[in-house]
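The next block holds one structure in the form of structure tokens; read it before the comments.
The numbers here are math on the coordinates, done by the rules we state, and not lab data. Everything numeric in this text was worked out from a predicted model, so none of it was measured. Positions of Cβ are backbone-derived with ideal geometry, glycine not excepted, and every protein chain shown enters the neighbour counts.
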Amino acid sequence: MELLPCVEIGPEGAAVDGAVIWMHGLGASGHDFEDVVPLLRRPRTRFVFPHAPRRAVTINMGLIMPAWYDIRSLGGPRDEDERGIRDSQRLIEALVAREIERGVPAARLVLAGFSQGGAMALHVGLRYPEKLAGIMVLSAYEVLPETREAEASPANRDTPALVCHGTYDPMVPLRGGQATCEALEADGRAVEWHEFPMEHQLCLEEIEVVARWLGERLPTEA
């Protein structure tokens, strides 16, 4: 499978502390969060920011843009682009496989994402067949929740998840993040929840939480 183009920041080769594969939101690019990396104080961790494939997005009048899957409607009956989600799942899993080939074991990998990217991080992380270090879900929600029970990987049953959301988010309402967190907790999973007084974005307080959480998931090796 052809690999997605990515922005990469951090050590080359085998990253000493591990790697973070971080997916961007709808219409953005892998450059979206590269400025956050210095604030996380992780010089021995490789950050991989893939560019999503370009596709038509129904809610944006069918315009072609970077998107992990189509969004057909806002609210109302669930009508998810399962094919797009599954295709992006395979592309992200290929990036995980590349990190493993580079010498970073799955147990030293974090899947992360914002908005659509956070939905993909959660979707892939819960289903990945090898134990991961963690799953980070920022201003996002769960896609294809009805398939989770049948498809969830036993290897990642206890993998910690960080779920953060803005209380004033107009794009993905706070309730979407809360419902995702509650569903994971009801499934007996380890979830850390934080909400911040912001809209559909990151804030410095949230970045500090992310930095601390990554330090716990990917501790510096002696």
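Remarks
- Sequence of TYR128, TYR168 once ranked by neighbouring C-beta atoms within 10 Å, starting from the fewest: TYR168, TYR128
- The fraction of all Cα pairs in segment 98-143 landing in successive 10 Å bins from 0 to the largest distance is 32, 49, 18, 1, given as whole percents.
- Computing Rg and the Kirkwood Rh from the Cα coordinates of segment 100-212 gives a ratio, Rg/Rh, of 0.97.
- Diffusion coefficient, µm² s⁻¹, Stokes-Einstein with Kirkwood Rh over alpha-carbon pairs of segment 70-128 at 10 °C and 1.306 mPa s: 126 µm²/s
- Sorting 139-150, 5-16 by their mean Cβ neighbour count within 10 Å, with the most densely packed peptide first, gives 139-150, 5-16.
- Residues whose amide H comes within less than 5 Å of that of GLU192, counting only those at least five positions distant or on another chain, are ALA161, LEU162, VAL163 (H built at 1.01 Å from N in the peptide plane).
- Ranking VAL48, LEU144, TRP22 by how far each Cα lies toward the positive end of the dipole of the chain (charges on Cβ) leaves VAL48 at the top.
- Neighbour-count ranking [beta-carbon atoms within 10 angstrom, fewest first] of ARG127, ARG46, ARG90: ARG90, ARG127, ARG46
- Globularity index of the chain, i.e. its alpha-carbon radius of gyration over 2.2 N^0.38 Å: 0.94
- Per residue, the convex hull spanned by the Cα atoms of segment 8-88 measures out at 115 cubic angstrom.
- Total formal charge among the other residues, if their Cβ is under 12 angstrom from that of LEU95, Lys/Arg +1 and Asp/Glu -1: -1
- With Cα atoms, 0 to 90° folded angle of helix 116-127 axis to the chain main axis: 70 degrees
- Sequence of MET136, MET23, MET65, MET198 once ranked by neighbouring C-beta atoms within 10 Å, starting from the fewest: MET65, MET198, MET136, MET23
- The charge dipole of segment 97-222, taken about its Cα centre with unit charges on the Cβ of Lys, Arg, Asp and Glu (plus for the first two, minus for the last two), comes to roughly 400 debye.
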